[in-house]
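Input: a single structure, listed below in structure tokens.
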Amino acid sequence: MRANSLALRLFLMATGWIVVILLVTGLVLSSLYRQAVERAFDHRLDGYLRTLVADLATPEDNGANFAASLGEPQFNLPLSGWYWQITRLDSAKVDVRSSRSLWDGKLPRLANDDVAAVRGGTRLGYVVGPEDQKLRLIERSIDLGEDGKYVLGVAGDAFEIDDEIASFDRALVMTFAILGLVLLLTTMFQVRFGLSPLKRISASLASIRSGSAERLEGSFPIEIAPLARETNALIESNREIVERARTHVGNLAHALKTPLSVMLNEANARADDPLSGKIVEQVNIMRDQVSRHLERARLAARTAVMGTITDVVPVVNALARTMEKTHYGKTLAIALDLPPEARCRSERADVEEMIGNLVDNAYKWASARVAIEVGLERQAPNKSVVRIVVDDDGPGLTPAERAQVAQRGKRLDQSKPGSGLGLAIVVELATLYGGNLTLGSSPIGGLRAELTLLAAT
């Protein structure tokens, strides 16, 4: 998931909601469990309190033996955290009876604030008992008439409540952590699965650009099916536009070349006329200009077509064999360094013309050696180039001569056959395909021509 991607945005949004929902749910469950534990604990205390009230109200012994009926050994253990206490309020001297576990201590009374009152005048709350123990206390006031008024209280160690809740919270945190992890993994799978059609579209577009496919194929969800249809329609429209441009270029070529040919024939027929020579000269210039600009238009239309890919290695091998036959009688040692994966975004005919001009030029001027090297180089994360280097051991060129030789029709040596258009054509074609041609000094002594074209990756 890369930055500023739909996948990352969806994942982060889902993660945020998962965290919030699990956190709120955990707090609610923990609160509900605390209330349930406190209710169970209070029910236990209330049972002891009812037993005390029943024993105290017994007329036979007026509660003289009520402690034995509780049946809880903790009330007999010193400072056990479990205590009961009965206080008579209407006697001249306050009469306090308590469990043995209190020893010389006393249970505090519940304050009026922050205390929960239940039916029957019973009150519940937390207090601090002996040894700073946190206690859960239940107390009740009763009036026995002539037998007196009393306040009865039973307290239990609140550590049992806190320990039970802490154990539940630990289990809850562990359970929610595992659940959160599972939900995050599920979210990642859902994001990847949900966005997979977009990934398929991206891969299909890459295939179209690389030349291995012509349109988006396959079925897509209804949300992005219109995008696929419009993309295919755009590709078809682009092809139709390019085809119409090629047709117009061909028609224009015929329309212009025929009148020029007529003018040239008429001028040649009047060789004795001084004006005919000038007409022949200008007509040839016009034909050259027409051919040049029509060729540029043709190439521009071809480069606009998506998926134009050429393997460089077969082209170079074929050219090397052709040059050996073309320059028959000239013994040259040719060295080839060709990686099989080199592919460029160009028409095969144009690649053959560019490399052919460079190799032919090297054969013309080389003394004994010609070297051709093809390399694949990455210039940016999404951009690679194919580099074709042609070296010869001929006389080479000075920097000034290199600047002149790439000009259209410029020839520095009339002793060699040619029109002076080769390198200029290479420069124009390379520029149209987003590449360039660089001339320099060869390490084997002559001229180095370095052609760079966009690679098909």
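Some observations on this one:
- So PHE176, is it hydrophobic (A, V, I, L, M, F, W, C), under 30 Å from VAL37 (Cβ atoms) and not in a loop (DSSP other than H, G, I, E, B): yes
- Among residues of the stretch 4-29 being out of contact with any Phe, Trp or Tyr (no Cβ under 7 Å at 6 or more places or on another chain) and small (Gly, Ala, Ser), the one that is surrounded by the fewest Cβ atoms within 10 Å (Cβ to Cβ) is GLY16.
- Scanning the stretch 357-368 for residues that are surrounded by fewer than 20 Cβ atoms within 10 Å (Cβ to Cβ) and small (Gly, Ala, Ser) yields SER367, ALA368.
- Residue match in the stretch 300-309 (condition: modelled with pLDDT under 85, under 16 Å from VAL385 (Cβ atoms) and part of a helix (DSSP H, G or I)): yes
Residue-by-condition table, conditions (1) modelled with pLDDT under 90; (2) of a type outside the set (A, V, I, L, M); (3) under 60 Å from the mean Cα position of the chain (by Cα):
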position: VAL24; (1), (2), (3): no, no, yes
position: LEU29; (1), (2), (3): no, no, yes
position: GLN35; (1), (2), (3): no, yes, yes
position: ARG39; (1), (2), (3): no, yes, yes
position: ARG44; (1), (2), (3): no, yes, yes
position: ALA68; (1), (2), (3): yes, no, no
position: PHE75; (1), (2), (3): yes, yes, no
position: PRO78; (1), (2), (3): yes, yes, no
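- Those residues of the stretch 311-341 which are at pLDDT below 85 and under 13 Å from ALA455 (Cβ atoms), in sequence order: PRO339, GLU341
- In the stretch 351-365, the residues that are in contact (Cβ under 8 Å) with a residue 60 or more places away in the chain and assigned to a helix (DSSP H, G or I) reach residues that are surrounded by fewer than 20 Cβ atoms within 10 Å (Cβ to Cβ) and among the basic types (Lys, Arg) with C-beta atoms within less than 8 angstrom, at least six apart or across chains, in these pairs: TRP365/LYS416.
- No other residue among ALA255, ALA271 is part of a loop (DSSP other than H, G, I, E, B) and over 30 Å from THR310 (Cβ atoms) apart from ALA271.
- Test: residue in the stretch 370-392 that is over 47 Å from the mean Cα position of the chain (by Cα) and part of a loop (DSSP other than H, G, I, E, B): no
- Residues that are among the acidic types (Asp, Glu) and either assigned to a helix (DSSP H, G or I) or assigned by TED's automatic domain parsing to the domain that holds ILE18 (or both) are absent from the stretch 203-221 altogether.
- Annotation note: of SER237, SER196, SER219, the sole residue that is under 21 Å from the mean Cα position of the chain (by Cα), surrounded by fewer than 14 Cβ atoms within 10 Å (Cβ to Cβ), at pLDDT 80 or above and not acidic (Asp, Glu) is SER196.
The values are calculated or read from the model by the stated rules, or taken from the named source; none is laboratory data. Quick caveat: nothing in here was measured; it's all calculated off a predicted structure. Reconstructed Cβ throughout: ideal geometry from the backbone, glycine too, with neighbour counts over all protein chains shown.
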